[in-house]
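The values are calculated or read from the model by the stated rules, or taken from the named source; none is laboratory data. Everything quoted here is computed from the prediction, not taken from an experiment. Every residue, glycine among them, receives a Cβ derived from its backbone with ideal geometry; neighbour counts consider all protein chains shown.
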Amino acid sequence: MSEITKLDQNLIIKKVDKETINIQINDNEMLMSIVGQFDQNLKELEKLTNNNIFFRGNSITCKGKKENTSIFSEALKFLANKYLLTKVIEKEDILLSVKKNFKQEESNVKSFQQLIRTPRKSVIARSEKQSDYIKALKENDIIISLGPAGTGKSFLAVSVAVTMLMEKKIERVILSRPAVEAGEKLGFLPGDMKEKVDPYLRPLYDALYELFGADKIDKKIESGEIEIAPLAFMRGRTLKNCFAILDEAQNATETQIKMFLTRIGENSKLVVNGDPSQIDLINKSLSGLIKSKNILKNLEEIKIVEFDHSDVVRHPLVSKIIRAYQSKSTDDQN
C-alpha cells in the first residue's frame, strides 16, 4: 500500500464552515505523535498558525481565518507524511510544517523527495535549498556548498556519504578539513595524528554518531572505511570509490581547494563545505572558498549550492542571530 493511500485512510479532513475544519486521525500512534506529549505539538501549532484548536478522542477541530486553517491543514498533512515515512515526529518538524519560505502545497512533496534513511533515523529536507542540496549530493560528483552555520551542509553530506558506504556503493568515506582553529596548531596538541585532528572534526563525528551509532562508526574508523585526514595529507593522492568531505573550507586557500578537488578519481564524490562569514585565517583574503566558487561556477559537472539564514534548521534564534550580525556588518560599511 502506498504512503499516499495510507495518508488518505488515516487523515480525513472535512470543512465544517468558512472558519472551521475537522481532522480525524484513524491511526492512534500517528495521532499521539502529531498531538505530542501533553498536547504540546498542538499547542505550538495553535500559536504558530494563529488558530483555536480543540482535541478530543481522534478528532481535532481548528477554528480561525480561512488562510490560517488552510495552513494548519497542510501542516497536519506534512506531519502525517513525516510519521508514515519515519515513524517519528521531532520538535523541529512542528516549525517546519508551517515554515513560510516553503509554498504550502509544495512542502509535502519536496521535503520527502530526497529522504535519506539511516540506521538510527530518517533525514528529510527542511528547506527547499536542502532538498536541492541532497539531490546534488546524490547526483553530482563535485558539490560546493556555502552558507551560515546550522543550514545542514555537513550533516546532510555525512548522511549521504555513510548511507552510500552502508549500501556498498563506495568503499570509503574521507573526512577532511584545514588545520586552522583560532590560532592553534596541530603540533601543540597531544596524541597521534587522529587524536590531534579529532577535535577539529567534532561536528562531523556528532553527525556520524547521531545517524549511525558510536559502536558502528568506531568499527568503520578502525577498519579504515571511514578515514580522518587533515587537508595537507590529501596532496598526491587519487581518491577512488570514495566520498570525501572537506569541511570548514573557508579556512582553505584557493590552492588547497584546487588540490583537494583534483584528487577525484573513478566512482568518487567530493564535497566542499564552508561558511564565508567564519574565516579563521590570519589573513582573511587568503580564503579560497568564494574564489573557487566563482572560478568553477560555469562548469556544468560541478553543483554549487548557496544557503542563507532562511535555511537555518537549528534553534529559530540562530537565524535571527545571523540576520542581526549581517545587519550590523552592513551598518558598519555605511
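Of the residues making up the stretch 166-186, those that are more than 24 Å from MET259 (Cβ to Cβ) and at pLDDT 90 or above are GLU167, LYS168, LYS169. Counting only residues that are surrounded by 11 or more Cβ atoms within 10 Å (Cβ to Cβ) and within 34 Å of the chain's Cα centre (by Cα), which one in the stretch 15-28 is nearest to THR86 (Cα to Cα)? Filtering the stretch 15-28 for residues that are surrounded by 11 or more Cβ atoms within 10 Å (Cβ to Cβ) and within 34 Å of the chain's Cα centre (by Cα), the one nearest to THR86 (Cα to Cα) comes out as ASP27.
Working only within the stretch 259-285, note down all residues that are surrounded by fewer than 16 Cβ atoms within 10 Å (Cβ to Cβ) and either of a type outside the set (A, V, I, L, M) or more than 16 Å from ARG177 (Cα to Cα) (or both). If the condition is that a residue be surrounded by fewer than 16 Cβ atoms within 10 Å (Cβ to Cβ) and either of a type outside the set (A, V, I, L, M) or more than 16 Å from ARG177 (Cα to Cα) (or both), then THR262, GLY265, GLU266, ASN267, SER277, GLN278, ASP280, ILE282, ASN283, LYS284, SER285 are the ones that fit.
Of the residues making up the stretch 142-159, those that are under 13 Å from the mean Cα position of the chain (by Cα) and either in a loop (DSSP other than H, G, I, E, B) or buried (at least 24 other Cβ atoms within 10 Å of the Cβ) (or both) are SER145, GLY147, PRO148, ALA149, GLY150, THR151, GLY152, LYS153, LEU156, ALA157, VAL158, SER159. I'm trying to understand the selection: among the residues of the stretch 214-258, which are among the small types (Gly, Ala, Ser), surrounded by fewer than 21 Cβ atoms within 10 Å (Cβ to Cβ) and under 20 Å from ARG202 (Cβ atoms)? Result: ALA214, ALA229, ALA232.
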